[in-house]
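Here's the structure we're looking at; comments come further down.
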Amino acid sequence: MKTIALAATCAVLVAAVPAQAQDNRTLEQFLSSCNIKATDCRLNLHDYIYAADTQGMICMPKDMSLNEAVDESLDWLRRNGQDPALANGNAEDGEWTAISTLFPCKNG
């Protein structure tokens with residue numbers, strides 16, 4: 001259910017920025033685009049993290065800025081995105097894996 005709400009929220013955010021509306025990209029293609037258009041890449045991830053955090057789907061540390069979260073997420077994706085299961089999968093799925101791994105909400 002949370003994934004559906006996040007997808008809907010991200011779709012609205014991405015629709016507002018047409019240059020980034022490439023939902024069919026693989027994670028490998030997304031990371032490659034980060035080398036070419038770093039600003040667009042960071043904005044895409046920034047919006048994705050913002051949507052997930054404000055929806056309560058992830059829990060960033062209170063003392064962490066969105067820019068720091070983007071840096072950590074990109075580092076994670078670059079370290080782990082070589083795994084064929086991630087690299088060949090959908091970019092948004094890879095982004096979700098990164099941010100949900102890095103910023104899980106504590107239960108209880």
Quick one: how many residues across segment 52-93 are farther than 24 Å from E28 by Cβ, in contact (Cβ under 8 Å) with a residue 40 or more places away in the chain and among the acidic types (D, E)?
1
Which residues, counting only those in segment 63-97, are acidic (D, E), farther than 15 Å from A38 by Cα and surrounded by 13 or more Cβ atoms within 10 Å (Cβ to Cβ)?
D83, E92, D93, E95
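The numbers here are math on the coordinates, done by the rules we state, and not lab data. Keep in mind that what you see is a predicted model, and the values were worked out from it rather than measured. Using ideal geometry, Cβ is built from the backbone for each residue, glycine included, and neighbour counts are taken over all protein chains shown.
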